[in-house]
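The structure under discussion appears below in the form of structure tokens.
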Amino acid sequence: MGLDTGSTRSPKLDIGLDPNDRRPLYVQIADQLVEAVESERLRPGDRLPAMRDLAEQLDCALVTVSQAYDLVAARGRVTSRVGKGTFVSEAPAHNAEFARRWEPDVGRFARAERMEGVLEQLTRATVPGAITLAAGHPAPETFPLHDFGRAMHRTLLDDPPESMQYRSTTGDRDLCETLAGLLRTRGCNASQNEIVVCSGAQQAADLVANVVLEQRSVVAAESPAYAGTLGVFDARGVTYVEVQGDVDGVRVDDVERVFSEYRPRLFYLNPIAQNPTGAVLPQRRAKQIVALARRYDVVILEDQTGWQLTYDAAAPPPLASFDTDGRVILLESLSKSIFPALRIGYLYCRGTLNDALELAKVRADVFTSTLIQRALWRFMTSPSYARHVRAARTLYRDRRDAFMEALTEDLPWAGVRPPSAGVNVWLPLPPRISTRAAFEECAREGVLVMPADPFYPTRTGPPAIRLSFGNLPEREAREGVRRVARALQRAGATNAPAAAST
Ligand SMILES: Cc1ncc(COP(=O)(O)O)c(C=O)c1O
């Protein structure tokens, strides 16, 4: 290890690139740097080699080394000083001698919350009279509480006491059979023992991460994507590669580019009622993506939440219906189609993945409330269920149409595409308006919107906001859009005509 002049060490590093390694080059470099710090070959205060020198040494592009240094900085191991170089960070406090300042190391990824700042921003901006287009919540007037209450009552009266005993299965058999039956109507060859009932989609995603991912696994995700699931993956310390899409969801050519270049472990997408864009992935693309996953050995996690809220055509079959070797995991939450307080979601997949997920579920919380599962089964097998889904879809479709009419009138420059499903509209902003400026102008105007950044897997991307209309009566939604139009005009959307004040 050669030392630099002065007191700063700049050890020569023994780093190599392996063309057969599945990790992207920059991840390989970053992992070796982190390992050098952890094994103390690099010590606090040491300077990393100049990027150009390392790129030359490794015979790779400068940008590859630069991405690697960024990644190591993001992992908290080095800091860059402008004009001086990149230095190994001081050892974290827990390595210091035990002292009163000791605090548990909860890990960088647990602290770096994806929604950090956004929730505070929303709370600060919530004033009396503010209209919120920020929360993609379902409409409580659709919640089938009366019918569910009857199902719950019957469960308590009619089910034998043993059914409320500790369970050895990972889902109530009757409910699993009902869920599998619904999947069969959608082209999946599903059986009840391939379902794992979970405490909401959030736990389902966590179990998948638990089973499939390791620290630094490469995860491909559509961009933008549902931030709740991304937050789960963040906590594992994964590296993201973003897959680009168009109005119909992810583009197959980009899926192939990402699979072949990065060999991700997992690909996460939300094919129907895509949150936040509302896109519906055509069946042809779904089939091609499963074929690509097979070719490049990628596990797919498809989030089918919202498949019942398609407005213009029947929902296409899930990717799982094209799966031939048990590499597609289907996840669905019933929060949107029934109500969130159920905290019911499920996973469907086959073979060894299914076995591993069942074990992970038992480790996590043994089983999800049988009381709720049994009542849900009664509700879902009663005529009330189909009626409820029809009524909810009609209400949301009417709200979507009115919302789109308001957007077309008040923000004609935006050219927003109507979502084919779900309760969200994605509004890309002109490049001269930052997401933050749009958020703040909207808040000043008395309307809350969701900033784009948490939806980007890498947390940065083109300026945009998400507007959710599901939980707003039409009159309020229209007024919300008027306020957004006025705010964006003030923020600099020059072609925006002034929306009438009310
Ligand atoms: C795509 C998607 N998946 C999952 C969820 C949440 O599911 P749960 O309430 O079951 O955690 C949502 C809620 O907004 C969602 O939009």
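The values are calculated or read from the model by the stated rules, or taken from the named source; none is laboratory data. The structure presented is a predicted model; accordingly, all values stated were derived computationally and were not measured. Cβ coordinates were reconstructed from backbone atoms using ideal geometry, including for glycine residues, and neighbour counts include every protein chain displayed.
Number of residues in the range 421-452 that are at pLDDT below 95 and over 20 Å from R486 (Cβ atoms): the value is 1.
So for the range 351-367 (the condition being under 18 Å from T142 (Cβ atoms) and within 16 Å of the ligand (Cβ to nearest atom)), does at least one residue qualify? No, the range 351-367 contains no residue that is under 18 Å from T142 (Cβ atoms) and within 16 Å of the ligand (Cβ to nearest atom). Pairing each residue of the range 53-71 that is more than 16 Å from V34 (Cβ to Cβ) with any residue that is among the charged types (D, E, K, R) and loosely packed, with under 15 Cβ neighbours inside 10 Å, provided the two are 6+ apart or on different chains, yields C-beta distances under 8 Å for L62/R52.
Just to be sure before I move on: is P383 within 15 Å of the ligand (Cβ to nearest atom) and closer than 28 Å to A314 by Cα in the structure I sent? Considered against the rule, which asks whether it is within 15 Å of the ligand (Cβ to nearest atom) and closer than 28 Å to A314 by Cα, P383 comes out as no. Taking the range 203-318 and the helices (runs of 4 or more DSSP H) fully enclosed by it, the elements with 2 or more residues that are within 16 Å of the ligand (Cβ to nearest atom) and surrounded by 22 or more Cβ atoms within 10 Å (Cβ to Cβ) are at 227-234. In the condition set (1) within 21 Å of the chain's Cα centre (by Cα); (2) within 16 Å of the ligand (Cβ to nearest atom), R400 is compliant with all but (1).
Does S335 qualify as being surrounded by fewer than 21 Cβ atoms within 10 Å (Cβ to Cβ), within 16 Å of the ligand (Cβ to nearest atom) and either of a type in the set (S, T, Y) or at pLDDT below 95 (or both)? Against the criterion (surrounded by fewer than 21 Cβ atoms within 10 Å (Cβ to Cβ), within 16 Å of the ligand (Cβ to nearest atom) and either of a type in the set (S, T, Y) or at pLDDT below 95 (or both)), S335 qualifies. Meeting the requirement of 1 or more residues that are among the acidic types (D, E) and either modelled with pLDDT of 90 or more or more than 16 Å from the ligand (Cβ to nearest atom) (or both), the helices (runs of 4 or more DSSP H) wholly within the range 58-173 are 62-74, 118-125, 145-158.
Just to verify a result, which residue in the range 176-196, among those that are touching a helix residue (DSSP H, G or I) at 6+ places or on another chain (Cβ under 6 Å) and among the β-branched types (V, I, T), is farthest from the ligand (Cβ to nearest atom)? Filtering first and then ranking leaves T178.
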